[in-house]
Each structure stands twice: as structure tokens, then as C-alpha cells.
Amino acid sequence: MAEPSWSKHVADVLRRNGIRMFATVPDYIVSHVLEHLWADAECRVVTVTREEEGVGLLSGVWLAGRRGALLMQNSGLGNCINALGSLNVASQIPIVLVISHRGDLGEFNPAQVPMGQATGHILDALGIRYIRPGSIAELETQGDGLIKLGYTRSLPVAIVLPSELTGGKQG
Amino acid sequence: MTPESKTLTRAAATRLLAERLTREVVVSNLGQASLDLHTIADRPLNCYTYGAMGQCSSIALGIALARPDVRVVCLDGDGSLLMNLGSLCTIATEAPRNYALVVWDNEVHQTTGGQPTATAARSSLAAMARGAGIDKTAEVRTEEELRRAYDRILGEDGPWVVCVKVEKGRAEGRFDRDVVGHARRFMHALAALPAR
């Protein structure tokens, strides 16, 4: 059973690691995290038209000396693949991806399933280290370390949010 | 043909901009725009891009939002901006005053052999920028118009979108593709630029 406070824990992991710039194409699940960021005067959230645009924008944010995170659904990861590879991995530009995981356990929409099942493979193929915390305790144990690793390697990292953590979306 | 109506080249337009630069960031599109900028006026505050076709204007927007004290000029291409037209809407919505998007519009995909883009037919990037909600737009065809446009984008608040109709043709020279090195050099130069 998902704890309703999961979304604040995600927002807090990002904020306590110095991230104040965010880009998003919202979905039902990451919107819960966005509520905390929208309410925080120190945070700037840019809603982009397509997730790949967020990759470009946050890469610029990093080049200008600040940290950024992109909040999106795993379908949006598919829209980002070329930019993540040819910009972030090639130029060693770190960003934090926060990806709600549709198309896995409990999914009701067949259209979500192919990309949902491919999500881990896509991240692996790009060499993007990720965590997939099934509970708040796991998120708290692994989140800080993942983000630190991303900036140490100077490469993107991803926090994938499974339905076990978020409750998913009920159809 | 009078000198005023002669078609601009991308190299000449790049040179005219370079003469005016002081502490501006210039972000350049992959391929021709970056090669011209590198050959004509390499400087640490140039941010060259090599991949992620379409993302040049978004990278520049991120820099502008993170450093509102620094003017950011993006040199994009028509083919690349056509891949990321949503960027115009995000620029309009965020409306950074320190942002200027200059589009070298030669109406072809130059790097891949000169195949026509939609701007060769009926599409106008300046009109699309206005439709996205950017009021300060211009379409420039002559050197005199370009000089006036540079005066404004370097002196007045933006966001600006200036579409410059330029001749077809490949950039000269060879590009040193030190992708990581150029990014690091740019980061250090921008970090060292005093805030104001």
C-alpha cells in the first residue's frame, strides 16, 4: 500500500541535493511531486512541450552552474533518448530524471505496456544508472547516493517511480 | 542589385555579430552555425553543440534562466528549429529578458546535402514565433536590417526571435570536436563571469 507522503519524500531528496530548477511534462503520478515544487518559492518549474526540450533546457542550466531535474512519465523517456545520448552522455552533462513508471505492475492501459517494459532496458542501453525504490525507506536509503553518483560521474541518473511506491494510476 | 539587397551569407552575419560581442554567451547549433562561429570568433563564452539536433534553443534557454544577468544569443538553424517548434512556446511562456534566438534560415538541411526545409515552401519561422506569443520578432534579409536587429537584441530586453535569410552554402574550415573540453571551457568561463 503506497504511503501518501511518498511524493514529498521525492521532492525533498531533490531539494536537499541542491536542485532548484525543474522541467516537466506532467503526468498523473509526477504531478504529486510537482505540487510540492510549485509551492516552494525557491524552486522554478518550467513546463515544456516535449520531454526532450527539458533535457536541452536542464543541460543549459547545468552549463550555467546550476542543478536540474526532469519530471516525466516513462513514455517521455522515449522522447528523450537521442538528446540524452548525443548531448548528456557525449558531453558529460549530468541531470536527474524522475520517471513515473507506467506499463508495469497493475497497468490497465495496453498502450502503456511496451514502453513500460522497455524502460529499464533504455536506461541500461544509455549507461544511465537508476534506482527503482519500492518504498519510501528504499528511496531514502538510495536517493542521495544516486544523485551524488550522477554529479561525481557527470552523467544523467534516474529515479524510476514504480506503482509499489506511488500507488500507480487506477483505470 | 544594390548592396543593400544582396543576400547575406551566414559567415558575414556571424562576423557582424562577433564584432559586437563583449560578455554575451553565444550558443550555436550543431553543424554549420558552430563551425562558422568557431572559425570566425572562437571564444570561451561560446557554447558549441554537436548533437541533440533541435535542442540548441532549449539549451540556450536553460542558460538564460540560470544566469539572468548574462545576455544569451542562440544561433540556430531553420532545420533544427523546425524539429523543436515547441521551444518557441516555452520561450514565450518563460519570457526571459536576456534571451535572443537568431535563426540562420537558408531554407535547406545544409549539413546533409541541401535538402529543402519547410521554410523553402510556405512556412515562416518569424510568423510561428509570433504565433507562439513572442512579440519581438523580425525577419531580416539585408546587412542593414541585420545591423539594426543586432543593435536591438544586444541592447533591449527580449525575448527576441530574429530570422535571418542567408545564402545556402557550407561553412569553411574543420571543426575540432573536443565535445567535453569545449563544454568544460564554457562552464568555467561563464562561472568566472562576474554577476551583475
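Key figures for this structure:
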read-out	value
Amide H within-cut-off set for B:VAL27, under 5 Å, with H built and near neighbours excluded	B:CYS47, B:VAL73, B:CYS74, B:LEU75
Residue with peak Gaussian network fluctuation, chain A [Cα springs, cutoff 10 Å], from A:GLY85, A:GLY145, A:GLY76	A:GLY145
Projected area averaged over orientations for the range B:26-149, convex hull of C-alpha atoms, nm²	7.7
Under 5 Å, built H, 5+ apart or other chain: amide partners of B:GLU107	B:ASP78
Karplus 3J(HN,Hα) series, Hz, for the range A:164-170 with 6.51 cos²θ - 1.76 cosθ + 1.60 (x for Gly, Pro)	4, 7, 9, x, x, 10, 8
Helix-derived mean residue ellipticity, 222 nm - over chain B, DSSP H n ≥ 4, -39500 (n - 2.57), to 500	-12000 deg cm²/dmol
Peptide A:41-50 - average C-beta neighbours from other chains (10 Å radius)	4
Alpha-carbon centroid distance for the pair the range B:130-144 / the range B:16-75, whole angstrom	19
For chain B: relative contact order, % (alpha-carbon pairs under 8 angstrom, 6 or more apart)	27
Value of Rg to Rh for the range A:25-125 (Rh from inverse mean 1/r over Cα pairs, i.e. Kirkwood)	0.98
Per-residue mean of C-beta atoms belonging to partner chains within 10 Å, peptide B:45-58	6
Relative packing of A:134-140, A:29-35, which averages over residues the other C-beta atoms within 10 Å, highest first	A:29-35, A:134-140
Cα-only Debye scattering, the protein assembly as shown: base-10 log of I(q)/I(0) at q = 0.06, 0.11, 0.15 Å⁻¹	-0.23, -0.73, -1.23
Hz values of 3J(HN,Hα) by residue in the range B:148-155 - Karplus curve (6.51, -1.76, 1.60), Gly and Pro given as x	5, 5, 5, 4, 6, 5, 8, x
Summed side-chain charge close to A:MET72 - residues other than A:MET72 whose Cβ falls under 12 Å, Lys, Arg +1, Asp, Glu -1	-2
Shielding score for A:74-84, defined as the mean number of other chain Cβ atoms within 10 Å	1
Gyration tensor (alpha-carbon) shape descriptor, the range B:89-196, a/c threshold 1.5	oblate
Most mobile listed residue (A:TYR28, A:TYR151, A:TYR130) in chain A, GNM with C-alpha springs under 10 Å	A:TYR28
Ranked packing of B:153-163, B:106-116, most packed first, by mean Cβ within 10 Å	B:153-163, B:106-116
Long-range lysine pairs (8 or more apart or interchain), the protein assembly as shown, Cα under 20 Å	5
Considering only the range B:1-125, percent of DSSP beta bridges that pair antiparallel, nearest 5	15
Relative packing of peptides B:136-143, A:159-166, A:112-119 - highest average C-beta neighbours within 10 Å first	A:159-166, B:136-143, A:112-119
Residue-wise HN-Hα coupling along the range A:38-46, computed from phi with Karplus coefficients 6.51, -1.76, 1.60 (Hz; x: Gly, Pro)	4, 7, 9, 4, 7, 9, 10, 10, 9
Cβ-defined net charge surrounding B:ARG23, 12 Å radius [Lys, Arg +1; Asp, Glu -1]	+3
C-alpha center-to-center spacing [the range A:14-73, the range A:88-115] in angstrom	15
Two-decimal Rg to Rh for chain A - Kirkwood Rh, Cα set	0.93
Which of B:LEU45, B:LEU35 has the fewest Cβ neighbours within 10 Å, and the rest in rising order	B:LEU45, B:LEU35
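A short reminder: the numbers here are calculations on the coordinates, not readings from a lab. None of the values given here were measured: they were computed from a predicted structure. Heads up, the Cβs are rebuilt from the backbone with ideal geometry, glycines too, and the neighbour counts pull from every protein chain shown.
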